[in-house]
Amino acid sequence: MLVAAVRAVLVGLGHRTACYASYAEQNPDEMEIVGLADPNSMRLATFAEKWNIPDERCFSSAQELAAIPKFGDVAINGTMDEVHVETSIPLIEAGYHILLEKPIAPSPVELNLLNTAVEKSGVHVVICHVLRYAPFYNVIKQRIMSGDIGEIIHIHSTENVSYHHMAVAFVRGKWNRRETNPIMLAKCCHDLDLICWFNSGINPIKISSMGGRHFFSSKNKPDKSGENCFDCQIERECQHSAKRHYIDNNWWPFYSLSGEINYESGGEADEIASAKHISNNDYGRCVWHSDNNVADRQSVIVEFENGSIATHDLVTNSARGTRKIQITGTKGEIFGDMTTGVFTILKPAAVDGEEYHEEIVDVGVIDDLHGDGDLRLVQDFLNLVNGNTPSLATTTLIDSLNSHKIAYAADISMTESRFVNFDEI
Ligand SMILES: NC(=O)c1ccc[n+]([C@@H]2O[C@H](COP(=O)([O-])OP(=O)(O)OC[C@H]3O[C@@H](n4cnc5c(N)ncnc54)[C@H](O)[C@@H]3O)[C@@H](O)[C@H]2O)c1
């Protein structure tokens, strides 16, 4: 049992790690940052200054940090998806508990490698399924557990990815290739995790999926569009204008400005420097001239061993990004839209004159893409490594295997046009 502040090393110094590390700023008695690792020297220097970390505790990779005698209790691993496993295994072997970003691994082979390393080591590896901690979903889970809607018959969830989020991450951005980042895994492993969590203890048996890339494709290129938004005749009338998104509105700076411009230092990158930077990097590209090949719509159907069905729809190019859920049980149903912070419980009425009884639940959190789950997750992770009982939401590696396997299966099903049995994965 740890008694002092938990000593954390930060691995992969991007915006996700910065977000989780901010917990230490607000709660210095609970978490202390003691070491850093990133091959990007600019990020390393910025984080070292912010957290006052001496040179001998700054490393150019997770592997290098893990190779010296252990000097922290936990590692927060916010590296990119494709290096999660190779960076985590040495840290696990060195005895660090890990808070690991999702998706865990790009393939079932790597997922199993990590799982074997965790089983051998006895350390905790918690996956950043932040939505479990969002009050919207956490209260829904509590109502399911209390038996409010009976046994689950059907779950339907939707993720609406906004047009600007889709453009920055999955068309122009770093998750735009299906071979390395199938979108159902990269974006919707959260939703698949929620489905498995609501249905906990019940295994999936069969998966089917359809989808593809049909909209963000060169065949929809308007006349007169340029290859780059900074050299385009119709830029002002285009909803996907990089200038409008990243310069005028300053949306998504941690993607469009990461690299040369040190936006993490807190200094406002000025407009001219930003424009120069973005016009020369991938984020200035026209969405119709990009090299993306991930699906821009995809639906998944999952059959569980008790006969219940779950469906998840990924819909992109939405005007407003949100997530919606409808869960139908033997005694009632729950439906809601996460960004409103409100869900409704309907129960068939057993009294004369009423068709159903309606209860509206307002969790009081709106307008946060993660439903205010990020720092609640960090708190829960610290609670676990301090030896306390896991919470309802605690999402260890073993709890996250099914959702990831559904995502791998969905990609196979979509590309091979066939059902996939869960035990194939
Ligand atoms: N939980 C969520 O809802 C959520 C939301 C967005 C992104 N993510 C995930 O968070 C992760 C991080 O995303 P990001 O945009 O902050 O990443 P990023 O690309 O900004 O940062 C990753 C950092 O890892 C560093 N790195 C690469 N190899 C390394 C190594 N061997 N050792 C140490 N560091 C190394 C890179 O230099 C880079 O600075 C991704 O897996 C992403 O999918 C999760």
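Points worth noting:
- Against the numbered list (1) surrounded by 13 or more Cβ atoms within 10 Å (Cβ to Cβ); (2) in contact with a strand residue (DSSP E or B) (Cβ under 7 Å, 6 or more places away or on another chain); (3) at pLDDT 95 or above, Ile360 comes up short only at (1).
- Residue count for segment 113-134, restricted to those that are within 18 Å of Asp193 (Cβ to Cβ), more than 16 Å from the ligand (Cβ to nearest atom) and outside any loop (DSSP other than H, G, I, E, B): 2.
- Considering residues of segment 35-77 that are in contact with a Pro (Cβ under 7 Å, 6 or more places away or on another chain) and part of a loop (DSSP other than H, G, I, E, B) only, the residue farthest from the ligand (Cβ to nearest atom): Ser60
- Hits in segment 78-97 (condition: in contact with a strand residue (DSSP E or B) (Cβ under 7 Å, 6 or more places away or on another chain), more than 8 Å from the ligand (Cβ to nearest atom) and in contact (Cβ under 8 Å) with a residue 40 or more places away in the chain): Leu91, Tyr96, His97
- Selection within segment 78-112 - among the hydroxyl-bearing types (Ser, Thr, Tyr), out of contact with any Gly (no Cβ under 8 Å at 6 or more places or on another chain) and either more than 25 Å from Asn40 (Cβ to Cβ) or part of a loop (DSSP other than H, G, I, E, B) (or both): Ser107
- Filter result (crowded, with 16+ Cβ neighbours inside 10 Å and either among the hydrophobic types (A, V, I, L, M, F, W, C) or over 24 Å from the mean Cα position of the chain (by Cα) (or both)) within segment 28-44: Glu30, Met31, Glu32, Ile33, Val34, Gly35, Leu36, Ala37, Met42, Leu44
- In the set (1) among the charged types (D, E, K, R); (2) part of a strand (DSSP E or B); (3) surrounded by fewer than 18 Cβ atoms within 10 Å (Cβ to Cβ), the condition left unmet by Arg323 is number (3).
- Qualifying positions in segment 168-218 - away from the ligand (no atom under 14 Å from the Cβ), aromatic (Phe, Trp, Tyr) and buried (at least 18 other Cβ atoms within 10 Å of the Cβ): Trp197, Phe198, Phe216
Residue-wise test of (1) over 22 Å from Arg213 (Cβ atoms); (2) not in a loop (DSSP other than H, G, I, E, B).
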{"site": "Ala295", "(1), (2)": "no, no"}
{"site": "Gln298", "(1), (2)": "no, yes"}
{"site": "Gly307", "(1), (2)": "yes, no"}
{"site": "Phe335", "(1), (2)": "yes, yes"}
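The values are calculated or read from the model by the stated rules, or taken from the named source; none is laboratory data. It should be emphasised that the depicted structure is a prediction, and the values quoted were computed from it without experimental measurement. Note that each Cβ is placed from the backbone with ideal geometry, even for glycine, and that neighbours are counted across all protein chains shown.
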